[in-house]
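Okay, so here's the structure we're looking at.
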Amino acid sequence: MPRHATDAIRNIAIVGHGGSGKTTLVERLLAHAGVIAKPGRVEDGTTVCDFEPEEKHHGHSLHPAIATLRHQGLVVHLIDTPGFPDFIGQALSVFPASETVAVVVGADKGIQTTTRRIMAVASQRRLPRLVIVNRLDDHVGDCELLLEQLRESFGTELLPVNLPTPDGTGVVDLWESESGRVAFSSVEAGHRQLVDQVIEVDEELMAQYLEKGAVDKESLRRAFRTALRTAHLVPVCFVSARTGAGIPELLEVFEHLCPSPIDGNPRPFLLPGATGDVPFEPSPDPAKPLVGHVFKVTTDPFVGKLCLVRIHQGTLRAGDGVRINDGTKPVRIAHLHEIHGKEHREVSEAVPGDIVAINKVDELHFGDVIHGGGELTGLRFKRIEMPRPMYGLAIAAKSRGDEAKVGVSLSKICEEDPTFAVERVAATHETVARAMGELHMRVVLERLRNRFKLDLDTHPPKVAYRESIAARADGHHRHKKQTGGAGQFGEVFLRVVPIEGSDRHGFEFVDATVGGSVPKQFLPAIEKGIRRVLVEGAIAGYPLGGVRVEVYDGKHHPVDSKEVAFVTAGRRAFIDAVLKAKPVLLEPIVHVEVTAPASSLGDLTSDFSGRRGHVLDTEILAGDQCLVRAEVPLSEMGTYSSQLKSMTAGQGGFVMDYSHDAPAPPAVQAQVVASFTRQDEDE
């Protein structure tokens, strides 16, 4: 017999902006269910989910953590996630493991940056959403206005399923139509509005309601789950994680109204087909071939590499051999673990809907799919698009003995965090670590010190410019070298043309020669010389792209023409053409979205102008907030985080992502080009 049935599982992602009380809410739910004796405190570092040293030091969540509770025969996996914008990728990464996204909003803070981003992504992925308004005890007077703001921002499908009492000590359930005192509105009106919304998804239920004026509670619950799954309804619950008000009612919503893995929406799996990928919908049937997805990778100091896997189909048992992605060789899974904070409890099997940890399987990586092989070979999960890390620091080992260790440690961090990346920038000869922001980078560096005992030298990276051209031009070079013996000879005539459209990084090589002016065996050598310039740059030492090269003429010598001669001739002819083709230096531009108090709007737009930015639009939001969208050169954003805090008294938040490359101002280009010295020796 399985440990539990699939329909008894609830997977709830607890998400929301930082400081909204998500971790405290999880603590209160665990205490109410009897899993822990009393709620821990974030300030004391005693919570179940914030157990990493960096989390205790900073006083907020930095990584997703799972807490499991059992209540009334159900198994509820609560996935506590970070909320600050720098860590939004960590929150998004758990969506594939969840049936319901519970968005926590502080009644004192209102709608913030991460709230909007999370709601949008969950809607796009067709994941049922639930809004939890926290801190009703101290801010019950703000709840009515906040509910209006939520409906204005996210749609009229947001409806409360309970309402706070005037003193903020409890809530009244709107499923019941008896009268009762609440902080605003009335139970009857709220119940009627909720029922009217829910029954719209069931024609038979609607007919019954119109005929009899009422429906039984179980039928209403079934319709509720359908409305939730189809986004026809986004329920709003009121709680106080600090006092426990509304916690029993919230747990009832999780258990009776949120979908199980059987009720959940189809997951976006893709299977290779004869004409391309085709959708595949796993069935939550424990008897079918296995399908699981790795949604999180972490490194535990005691058990090593841990991969968190959500089972979507079939049954995984300890000792089973599984296939990974398109692999045909089975990999043995020796142990399975149920996760509760930092505690791991070994289990014998996992059924659809279960979340388990697999340790010490080096072949598994973030985003991998495990399956039973056969027709499922090549199955993959359509990943959530993660925000691109744009905040960079150039890094280097402080001591030479640590250089190899740095590479290994950084690769582990990259695998654990889908929004952290490390690249070697050939244009600047620097190793650059990229994170979502200053706080994210600081946490990664702390982790390297604490976990891997590594200290790094860091400094702001040089700007990763790119080169391109703006006009057509011809280039020519004759390479002739005589050294007493066999000489070198090659002559190349070519033309460069900008690639039309937005492909500033593209490259095309065209053989337009006629009559054998350049023998075919030397064309690859010409292209080799040109590609060297693409890497090294022609005007400033940065990678070059967005160009089509047509080799249309040349000369050769029957004895002295060799590959090395045409490599040199092609390289220098290309440089000659680029210098005549109105070369441009491109700089990376990022798209920035800022949410802040409306009173800061003028300061925000003025600051962007001073950073050579272009404000795209501004919007006044509910709750006396404003939203500013702008495009700004990445080189101007290095100090933005601290400047935004200063302008908004710490109340502003922002996200940024790569947008495009654009020509640098003439003064900037002239300065960069003037500092470049090309190494132009003969090959």
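Values in this text are rule-based calculations from the coordinates and carry no lab data. Values in this document were obtained by computation on a predicted structure and should not be read as measured data. Cβ coordinates were reconstructed from backbone atoms using ideal geometry, including for glycine residues, and neighbour counts include every protein chain displayed.
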Volume per residue, Å³, of the convex hull around the alpha-carbon atoms of the stretch 171-313? 196
Enclosed volume per residue, in Å³, of the convex hull spanned by Cα atoms of the stretch 434-510: 246
Which aspartates and glutamates, on any chain, are close to residue 22 with Cα under 12 Å apart, when same-chain ones fewer than 8 places away are left out? 50, 80
Between the stretch 46-109 and the stretch 220-246, what is the separation of their alpha carbon centroids in Å? 18
When DSSP assigns beta bridges and you keep just the ones with both residues in the chain, what percent turn out antiparallel, to the nearest 5? 80
Over the Cα atoms of the chain, compute the convex hull volume and normalise it per residue, giving Å³. 204
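Sort the stretch 230-372 into rounded, prolate or oblate with this rule: let a ≥ b ≥ c be the square roots of the eigenvalues of the Cα gyration tensor; rounded if a/c is under 1.5, and if a/c is not under 1.5, prolate when a/b is larger than b/c, oblate otherwise.
Cα axes put the stretch 230-372 in the oblate bin.
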If neighbour count is taken as other Cβ atoms inside 10 Å, put 607, 617, 202, 50 in order from fewest to most. 617, 202, 607, 50
Nearest 10, in degrees from 0 to 90: the angle of helix 217-229 to the longest Cα principal axis of the chain is 10
Per-pair calculated FRET efficiency, R0 = 41 Å: residue 521 and residue 302 via Cβ, rounded to 0.05: 0.10
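Using 0.36 nm per residue, how much length does the chain from residue 455 to residue 207 gain when fully extended, once their Cα-Cα distance is taken away?
The span from residue 455 to residue 207 would gain 82.4 nm if fully extended.
Checking the table 520/582; 305/342; 480/562; 360/382 against a 19 Å threshold on Cα-Cα, which pairs fail?
In this structure, 520/582; 360/382 exceed 19 Å between Cα atoms.
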Rounded to 10°, Cα long-axis angle of helix 247-256 versus longest principal axis of the chain: 80
Once the Cα gyration tensor of the stretch 6-256 is diagonalised, semi-axes √(5λ) in Å: 29, 19, 18
Helix axis angle, 438-452 relative to the chain longest principal axis, alpha carbon, degrees: 90
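Quick one: order 242, 571 by neighbouring beta-carbon count within 10 Å, fewest to most.
In increasing order of surrounding Cβ atoms, one gets 242, 571.
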Cα centroid of the stretch 303-358 to Cα centroid of the stretch 607-642, whole Å: 44
Be a star and scan the stretch 300-336 for residues whose amide nitrogen sits under 19 Å from the point 7 Å along the Cα-to-Cβ vector of residue 343. 300-303, 336
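Rounded, prolate or oblate: which fits the stretch 588-669 when a ≥ b ≥ c are the square roots of the eigenvalues of the alpha-carbon gyration tensor, with rounded for a/c under 1.5 and prolate only if a/b beats b/c?
The shape class here is prolate.
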Mind sorting 44, 196 by how few other Cβ atoms lie within 10 Å of their own Cβ, fewest first? 44, 196
